Amino acid sequence: MNFCDEDIEADDKIVAEEGERELYEHFRFVADKGQSLLRVDKFLVARLESSSRNRVQQAAEAGCILVNGKPVKSNYRVKPLDVVSVVMDRPRYEFEIIPQDIPLDVVYEDDAVLVVNKPAGLVVHPGHGNYSGTLVNALAYYFRNTPNYDVNDPRLGLVHRIDKDTSGLLVIAKTPEAKTNLGLQFFHKTTQRKYVALVWGLMEHDEGTITGNIGRSLKDRLQMTVFPDGDQGKHAVTHYKTLERLGYVSIVECKLETGRTHQIRVHMKYIGHTLFNDERYGGDQILKGTTFSKYKQFVQNCFDICPRQALHAKTLGFKHPITGEEMFFDSPIPQDMTQLFDKWRNYTANREI
């Protein structure tokens, strides 16, 4: 059985978090008052249609079976009124994951890990509104002849994620041991992740640190926001370095200390430097510059060149989960962003700002 066989709305999303992973609740059961002591794997097999005990046990080993909000092993005995939840690090899918021949830019691969360079526009996980054409569908096809890789096994697969319209590097675990090890590296913040972005406005400082809890916006459920008082959301830290100032925009490098949803996009907006052409956070409007019609047309041409938020996950570093070797990967800035940078360079070189 695939636990991820039903649609889910965004508001039903995050119920728990292990390290950097957001978990999505797929099923919830409340044991009745007369429930006799029963192993949780047997409890769930009896309630999940077409499930197998092996699949439930795999989910438990991966920390995806919660009782009263805490992960349990498959031998946990369910008691009266226990709340038993099945959670995964991806939304529930409407259909089984179908292998699709979607090209993958493989940067590195061995028996334990796969590193890919994701293009902008490719959704990472199937979910509400995106049930095919995703990176997970591509992985299902890529590993179709690999007997030990099951795309539905929560102990394998993506360890972290990036947004649909963000390009860049991702690591996939090919074994349970690799996923556990890499997950701990992300949790303990020992990985190295640097992004390059174009943001609105001239950065005041050459470098700095943005600290502020990030949580879902109370005004717009599709947006995340910063809660500066720290009473809501989750702790988030982004370090930035200004690489280039180009009149009304700046090229910046962002280093993640934590990995929250939309972290760079939210933190940069919080300090007044929204990502260029970030539609969700208002970066698709002219936020800096003049009111001249030629300038407006110039910016529109820039939007057309890079029709997404100008953000690229450029570098990724971690210790190999089996050998302990330091691994470091660097990906080229994609063509749409390099053309965007060059267009702003030419603009500022030929005009007095």
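The values are calculated or read from the model by the stated rules, or taken from the named source; none is laboratory data. Please read all numbers here as calculations on a predicted model, not as lab measurements. Cβ: placed from backbone, ideal geometry, glycine included. Neighbour counts: every protein chain shown. The area values use the complete protein model at the heavy-atom level, side chains included, leaving out ligands, DNA and RNA. Shrake-Rupley method; radii C 1.70, N 1.55, O 1.52, S 1.80 Å.
Using a Gaussian network model of the chain in which every pair of alpha carbons under 10 angstrom is joined by a spring, one finds that among PHE227, PHE292, PHE27 the greatest mean-square fluctuation is at PHE292.
Ordering PRO307, VAL249, TRP344 by Cα displacement along the dipole of segment 199-353 toward the positive end leaves PRO307 in first place; charges were set at the Cβ atoms of Lys, Arg (+1) and Asp, Glu (-1).
One chain, two ends: VAL83 and ASN350. Fully extended at 0.36 nm per residue, the span grows by 89.6 nm beyond their Cα-Cα distance. With 20 Å as the limit on Cα-Cα distance, the pairs of LYS33/LYS79; LYS219/LYS269; LYS219/LYS288; LYS194/LYS296 that go past it are LYS219/LYS288; LYS194/LYS296. Give the calculated FRET efficiency between TYR295 and HIS239 to the nearest 0.05, with a Förster radius of 25 Å applied to their Cβ-Cβ distance. So, using R0 = 25 Å, E works out to roughly 0.20. Charges were assigned to the Cβ only: +1 to each Lys and Arg, -1 to each Asp and Glu. The resulting dipole of the chain about its Cα centre is roughly 540 debye. Among ARG345, ARG77, the order of accessible area from largest down is ARG77, ARG345, computed with a 1.4 Å probe on protein heavy atoms. Each label was represented as a point 7 Å from its Cα along the Cα-to-Cβ direction; for ASP231 and GLU109 these points are 5.1 nm apart.
Could you sort the peptides 168-174, 276-282 by per-residue average Cβ neighbour count (10 Å cutoff), highest mean leading?
Packing order, densest peptide first, comes out as 168-174, 276-282.
Taking all protein chains together, ILE286, ILE264 sort by accessible area into ILE286, ILE264, largest first [probe 1.4 Å].
Solvent exposure of LEU243, expressed as accessible area, is near 90 Å², computed with a probe of 1.4 Å over the protein chains only.
About its Cα centre, segment 114-207 has a charge dipole of approximately 340 debye under the convention of +1 per Lys or Arg Cβ and -1 per Asp or Glu Cβ, with nothing else charged.
Across the chain, Cα pairs under 8 Å and at least six residues apart give a relative contact order of 14 percent. Ordering THR261, THR238 by accessible surface, largest first, gives THR261, THR238; the 1.4 Å probe counts only protein heavy atoms, with every chain in place. Segment 176-198 and segment 245-268 have Cα centres spaced 18 Å apart. Counting only Cβ charges, +1 for Lys and Arg and -1 for Asp and Glu, the dipole size of segment 185-263 around its Cα centre is about 380 debye. Ligands, DNA and RNA aside, MET88 has an accessible area near 0 Å² when probed at 1.4 Å. Taking a probe of 1.4 angstrom, what is the accessible area of GLU325 in Å², to the nearest 10? About 110 Å², rounded to the nearest 10.
Fully extending the segment from SER217 to GLU177, taken as 0.36 nm per residue of separation minus the present Cα-Cα distance, adds 10.8 nm.
Taking every alpha-carbon pair under 8 Å whose residues sit at least 6 apart, segment 248-353 reaches a relative contact order of 19 percent.
Spin-label model, LEU37/THR338: points 7 Å from Cα along the beta carbon direction are separated by 6.5 nm. Does segment 57-215 come out rounded, prolate or oblate by the C-alpha gyration tensor, with a ≥ b ≥ c the root eigenvalues, rounded set by a/c under 1.5 and, if not, prolate when a/b is larger than b/c and oblate if not? In terms of gyration-tensor shape, oblate. With protein chains left intact and a 1.4 Å probe, residues in the chain average 47 Å² of accessible area per residue.
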